[in-house]
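The structure under discussion appears below in the form of C-alpha coordinates.
The values are calculated or read from the model by the stated rules, or taken from the named source; none is laboratory data. None of the values given here were measured: they were computed from a predicted structure. Note that we place each Cβ from the backbone using ideal geometry, even for glycine, and neighbour counts take in every protein chain shown.
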Amino acid sequence: MLQLNGITKTGKIFSLQSDTSWKCAESYSRYYGGNFRYNEFAGEEIDGRNYRSDWNSITFNDDTWANAAKIAPLKNGTELILSSQMMEPSRIIKTVSATEIVPIKADNGDTIWRFDMGEQFVGTS
(Lines give C-alpha, C1' and ligand atoms only; values in the text may rest on other atoms or scores of the structure.)
Protein backbone atom coordinates (compact mmCIF):
# COMPACT_ATOMS: atom_id res chain seq x y z
CA MET A 1 0.00 0.00 0.00
CA LEU A 2 1.03 3.60 -0.43
CA GLN A 3 1.10 6.68 1.75
CA LEU A 4 2.00 10.01 0.21
CA ASN A 5 2.57 12.99 2.46
CA GLY A 6 2.67 16.42 0.88
CA ILE A 7 2.22 20.14 1.23
CA THR A 8 0.01 22.23 -1.04
CA LYS A 9 1.04 25.59 -2.49
CA THR A 10 -0.94 27.24 0.31
CA GLY A 11 1.03 25.33 2.97
CA LYS A 12 -1.69 22.84 3.89
CA ILE A 13 -0.27 19.43 4.87
CA PHE A 14 -2.06 16.37 3.50
CA SER A 15 -1.71 12.60 3.49
CA LEU A 16 -2.99 10.36 0.69
CA GLN A 17 -3.27 6.66 1.45
CA SER A 18 -4.16 3.74 -0.78
CA ASP A 19 -5.91 0.52 0.16
CA THR A 20 -7.20 -2.58 -1.61
CA SER A 21 -10.12 -0.62 -3.10
CA TRP A 22 -7.63 1.08 -5.44
CA LYS A 23 -7.45 -0.34 -8.97
CA CYS A 24 -4.30 -1.21 -10.87
CA ALA A 25 -3.21 -2.64 -14.22
CA GLU A 26 0.06 -3.65 -15.82
CA SER A 27 1.93 -0.80 -17.44
CA TYR A 28 2.35 -0.52 -21.19
CA SER A 29 6.10 -0.11 -20.65
CA ARG A 30 8.74 -2.37 -19.13
CA TYR A 31 12.15 -1.30 -17.88
CA TYR A 32 15.19 -3.26 -18.98
CA GLY A 33 17.94 -2.71 -16.44
CA GLY A 34 21.44 -1.64 -17.21
CA ASN A 35 24.20 0.56 -15.97
CA PHE A 36 24.15 3.04 -18.87
CA ARG A 37 27.88 2.63 -19.34
CA TYR A 38 29.79 2.01 -22.57
CA ASN A 39 28.50 -1.16 -24.22
CA GLU A 40 26.02 -1.80 -21.39
CA PHE A 41 22.65 -0.92 -22.77
CA ALA A 42 19.37 -0.42 -20.97
CA GLY A 43 16.06 1.11 -21.69
CA GLU A 44 12.42 0.27 -21.85
CA GLU A 45 10.07 -1.64 -24.10
CA ILE A 46 6.87 0.21 -24.90
CA ASP A 47 3.85 -1.62 -26.26
CA GLY A 48 1.58 1.08 -27.63
CA ARG A 49 -1.27 -1.40 -28.04
CA ASN A 50 -1.68 -1.38 -24.26
CA TYR A 51 -1.47 2.41 -23.80
CA ARG A 52 -4.62 4.02 -22.43
CA SER A 53 -4.60 7.79 -22.80
CA ASP A 54 -7.80 8.13 -20.76
CA TRP A 55 -6.80 6.00 -17.74
CA ASN A 56 -6.69 9.05 -15.49
CA SER A 57 -10.03 10.56 -16.51
CA ILE A 58 -13.00 10.53 -14.16
CA THR A 59 -15.09 8.65 -16.77
CA PHE A 60 -12.57 5.82 -17.33
CA ASN A 61 -14.10 2.36 -16.87
CA ASP A 62 -11.68 0.34 -14.71
CA ASP A 63 -13.90 -2.76 -14.43
CA THR A 64 -11.22 -4.94 -16.05
CA TRP A 65 -8.50 -3.68 -13.68
CA ALA A 66 -7.58 -5.67 -10.58
CA ASN A 67 -7.78 -4.36 -7.05
CA ALA A 68 -4.48 -3.39 -5.47
CA ALA A 69 -2.99 -5.95 -3.11
CA LYS A 70 -0.58 -5.70 -0.22
CA ILE A 71 2.66 -7.52 -1.00
CA ALA A 72 4.97 -9.30 1.40
CA PRO A 73 8.45 -7.97 2.19
CA LEU A 74 11.29 -9.06 -0.07
CA LYS A 75 13.14 -12.25 0.81
CA ASN A 76 16.02 -10.34 2.38
CA GLY A 77 13.59 -8.83 4.88
CA THR A 78 13.42 -5.29 3.52
CA GLU A 79 10.27 -3.62 2.30
CA LEU A 80 9.88 -2.49 -1.27
CA ILE A 81 10.69 1.19 -1.67
CA LEU A 82 8.79 3.59 -3.89
CA SER A 83 11.18 6.21 -5.20
CA SER A 84 11.00 9.06 -7.64
CA GLN A 85 11.98 8.66 -11.27
CA MET A 86 15.69 9.36 -11.60
CA MET A 87 15.39 10.74 -15.14
CA GLU A 88 13.00 13.11 -16.83
CA PRO A 89 10.01 11.28 -18.32
CA SER A 90 9.96 10.55 -22.04
CA ARG A 91 8.35 13.31 -24.07
CA ILE A 92 7.55 13.79 -27.72
CA ILE A 93 10.18 16.18 -29.05
CA LYS A 94 9.97 15.38 -32.75
CA THR A 95 7.61 13.45 -35.01
CA VAL A 96 9.35 11.18 -37.52
CA SER A 97 7.39 9.52 -40.31
CA ALA A 98 8.33 6.09 -41.60
CA THR A 99 10.06 6.07 -44.98
CA GLU A 100 9.09 2.42 -45.54
CA ILE A 101 6.72 -0.07 -43.90
CA VAL A 102 7.26 -3.74 -44.81
CA PRO A 103 5.12 -6.72 -43.73
CA ILE A 104 7.16 -9.76 -42.68
CA LYS A 105 5.78 -13.25 -42.05
CA ALA A 106 6.87 -14.61 -38.66
CA ASP A 107 7.72 -18.29 -38.13
CA ASN A 108 4.33 -18.85 -36.48
CA GLY A 109 2.48 -17.39 -39.49
CA ASP A 110 1.67 -14.03 -37.90
CA THR A 111 2.47 -10.87 -39.79
CA ILE A 112 4.89 -8.50 -38.11
CA TRP A 113 5.91 -5.15 -39.48
CA ARG A 114 9.30 -3.54 -40.04
CA PHE A 115 9.29 0.25 -39.97
CA ASP A 116 12.21 2.09 -41.57
CA MET A 117 12.25 5.49 -39.93
CA GLY A 118 14.95 6.86 -42.23
CA GLU A 119 17.30 7.64 -39.35
CA GLN A 120 18.96 5.91 -36.42
CA PHE A 121 17.68 6.12 -32.86
CA VAL A 122 20.60 5.43 -30.53
CA GLY A 123 22.03 6.59 -27.23
CA THR A 124 20.66 7.47 -23.85
CA SER A 125 19.61 10.76 -22.36
Exercise. Would the stretch 20-29 turn up any residue that is at pLDDT below 80 and surrounded by fewer than 11 Cβ atoms within 10 Å (Cβ to Cβ)?
Worked result: no
Exercise. Looking at residue 55, is it under 28 Å from residue 1 (Cβ atoms) and modelled with pLDDT of 90 or more?
Worked result: no
For this session: Under 6 Å between Cβ atoms, at least 6 apart or on separate chains: pull out the pairs that start in the stretch 1-20 with a residue that is closer than 14 Å to residue 68 by Cβ and end on any residue that is among the polar types (S, T, N, Q) and assigned to a loop (DSSP other than H, G, I, E, B).
Result: 1/18; 2/18
For this session: Those residues that are modelled with pLDDT of 90 or more and in a strand (DSSP E or B), I need them from the stretch 1-18; list them, please.
Result: 5, 6, 7, 13, 14, 15, 16, 17
For this session: Filter the stretch 58-95 down to residues that are surrounded by fewer than 10 Cβ atoms within 10 Å (Cβ to Cβ), of a type in the set (Ser, Thr, Tyr) and at pLDDT below 80 and give me whichever is farthest from residue 23 (Cα to Cα).
Result: 78
Problem set entry | Positions within the stretch 110-125 being modelled with pLDDT of 85 or more and on the phi > 0 side of the Ramachandran plot, in sequence order | 118
